[in-house]
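Below is one structure; the comments refer to it alone.
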Amino acid sequence: MTEMDKAPQTAPRRVFIKTYGCQMNVYDSDRMVDALAPHGYVPTQEPGDADLVLLNTCHIREKASEKVFSELGRLKELQGERRAAGGDMMIGVAGCVAQAEGEEIARRAPMVDLVFGPQAYHRLPDMLAQAEGQRHLHPSLKKAVIDTDFPEEDKFAHLPAAKKEVTIKRGLTAFLTVQEGCDKFCSFCVVPYTRGAEVSRPVAQVLAEARGLIEAGVKEITLLGQNVNAYHGLDAGGRDVGLGELAYLLAEIPGLERLRYTTSHPRDMDEALIAAHRDLPLLMPYLHLPVQSGSDRILKAMNRRHTSAEYLALIERIKQARPDMALSGDFIVGFPGETDQDFEDTLTIIRQTGYASAYSFKYSTRPGTPGATLTEQVDEAVKTERLHRLQELVNQQTTDFHASCVGKTMPVLIERVGRMPGQVGGRSPYLQAVHLEGSTDLIGAIHEVEIIGTSTNSLVGRLKQAAAA
Ligand code: SAH
Ligand code: SF4
Ligand code: F3S
């Protein structure tokens, strides 16, 4: 008998999950809700009402993990209030900070009951039972339940299938993790340590989850992975299937209208995936393809294992396959040893590529990564100045990209009522928010919309026809 079968039938308890970091954490938080549902937990949006609070944490930059400790400070007060009122609040720390600093969290924040890494979510009900077993103990005798092992078993196979009612709440778009972990070991990055080695889910599992989401009303799926285009899941015959081939298989599922994937590494943009962009209209022409730096010297020190020229040539090939392709990227400024010239090279590659949007960060030393051993740190003030200049450039590119959409007609997935009465809102193929006059009947489908203007961070549209074919 599994833990799932002996789920207690008690009054619902409430779980509040706060999610930090990347979309994979967003997906994982939903799966934790799914894993807890058979055990009588329902989600709440109010931490003060929660019997269980989970922080799903991110370790990618220093600030990300510091946020967790300040949140724990705030939760300690809430926990005290609930206990004073005769109730209780269990606190768990999940995610990448938990994986990297399990023992440290338990030491620094003794009111934490559970600490568990991204590979342990399917064991959450067991861990909770263990922590609850300590409830009667004096706080000084309690010990946090810590699970930061990288198990051999497949956590996805052990997580319950997404519940329909939970899925519906997710709306018209959904994330689907197909690949986890990373073997690339870029010298600045903690992901290979927090998420472990690269693992791909089997094709049948992915297709089944996609079908379930579509049955529940999802129209657009974003495939997730830290290195999603390194996906190589096994099919029923034991053959390796890459992301390109997976896209063709997903495209055959009736009802799936849009497909995206993120995050990709330039080294894994293979011919099959580029061909999928050429052949599959449902594969959106918007690609997040981080380059981090435009300096070959820095790219080498980062262990990205490609040059700026190779990146530009790759973009060329992708645009040949899908001419309406737009790009987004990630950039790090102030990697150890980055000179003014290296930084200028980064601005140059941004100008050459032309991004629809971009995320940019100051380099943050992560303990345990090869970057942490480099001594030529860039001054904080220099990093700030470079970040500012870079953001000015990419913000201008984003504005230009929005402006270039005016006058075009594009399919918009209408998702919700708009900000103003009589308006509805949705997303363009490029993930831009689009607002237009229209009835709520439009919600739930893709409609052709003429873009007639821009406003801050969004587009203004006009309905072209009743419904797209
Ligand atoms: N797998 C993705 C990136 C995942 S992390 C890739 O290979 O591109 C998301 C982004 O955070 C990275 O693209 C990088 O720009 C940024 N990042 C990662 N580690 C960082 C660090 N130590 N300091 C600053 N930014 C970092
Ligand atoms: Fe981190 Fe590099 Fe892996 Fe991306 S490819 S997750 S940046 S190690
Ligand atoms: Fe952060 Fe972990 Fe994602 S470190 S970016 S939550 S994989």
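Both numbers refer to the Cα atoms of region 303-454; Rg and Dmax are 19.7, 60 Å. Using only alpha-carbon positions in region 77-143, the gyration tensor eigenvalues give semi-axes of 21, 14, 11 Å once each is multiplied by 5 and square-rooted (largest first). Amide H to amide H, with H built 1.01 Å from N, ILE91 comes under 5 Å of VAL53, ASP113, LEU114, counting only residues 5 or more places away or on other chains.
Going 7 Å from the Cα of LYS464 in the Cα-to-Cβ direction, what parts of region 381-425 have a backbone nitrogen less than 17 Å from that spot? Label zone hits: 404-414.
The convex hull defined by the C-alpha atoms of region 272-380 has an orientation-averaged projected area of 7.6 nm². Sparsely packed loop sites in region 303-389 (the trypsin sites (Lys or Arg not before Pro) outside DSSP H, G, I, E and B with at most 12 other Cβ atoms within 10 Å) do not occur. Across region 197-328, C-alpha contacts under 8 Å between residues 6 or more apart give a mean separation that, scaled by the residue count, equals a relative contact order of 22 percent. Evaluating 6.51 cos²θ - 1.76 cosθ + 1.60 at θ = phi - 60° for every residue in region 109-120, the Karplus couplings come out as 10, x, 7, 6, 8, 9, 9, 8, x, x, 8, 10 Hz, glycine and proline recorded as x.
A simple rule links phi to the HN-Hα coupling: the Karplus curve 6.51 cos²θ - 1.76 cosθ + 1.60 with θ = phi - 60°, which for region 414-421 gives 7, 10, 7, 5, x, 6, 9, x Hz, with x for Gly and Pro.
Secondary-structure-derived ellipticity at 222 nm for the chain, considering helices only, amounts to -11000 deg cm²/dmol, per-run term -39500 (n - 2.57) for DSSP H runs with n ≥ 4.
Note on region 163-271: the alpha carbon radius of gyration divided by the globular reference 2.2 N^0.38 Å gives 1.09. Where the alpha-carbon atoms of region 188-340 are placed on the principal axes, they occupy 53, 36, 28 Å, in descending order.
Our compactness index for region 7-87, the C-alpha radius of gyration over the empirical 2.2 N^0.38 Å, is 1.18. For region 278-334, the relative contact order comes to 53 percent (Cα pairs under 8 Å, sequence separation of at least 6). Relative to its Kirkwood radius, the Cα radius of gyration of the chain gives an Rg/Rh of 0.97.
Mean sequence separation of contacting Cα pairs (under 8 Å, at least six apart), scaled by the length of the chain, corresponds to a relative contact order of 9 percent. Distances between placed amide hydrogens fall under 5 Å for ILE17 paired with THR44, LEU54, all partners being 5 or more residues away or on another chain. Scanning residues 5 or more positions from GLY438 or on other chains, those with amide H under 5 Å from its amide H are GLN423, VAL424, with H placed 1.01 Å from N in the peptide plane.
With the convex hull of its Cα atoms as the shape, region 38-160 has an orientation-averaged projected area of 8.0 nm². For the peptides 405-411, 93-99, 173-179, residues were scored by their other Cβ atoms within 10 Å and the scores averaged per peptide; the highest-first order is 93-99, 173-179, 405-411. Isolated cysteines in the chain, defined as those with no second cysteine Cβ under 4.7 Å, comprise CYS22, CYS58, CYS96, CYS182, CYS405. Among 34-44, 187-197, sorting by the average number of other beta carbon atoms lying within 10 angstrom of each residue, highest first, gives 187-197, 34-44. In the chain, the sites counted are GluC sites (Glu not before Pro) in DSSP loop states with at most 14 other Cβ atoms within 10 Å, and the longest stretch holding none of them, exclusive of the sites, is 1-151. Rg and Dmax over the alpha-carbon atoms of region 400-469 stand at 10.6, 32 Å.
Readers should treat all values here as calculations from the given coordinates under stated rules, not as data from a laboratory. Computed from a prediction, not measured in an experiment: that's the story for all the values here. When we count neighbours, we look across all protein chains shown, and the Cβ atoms used for this are built from the backbone with ideal geometry, even at glycine.
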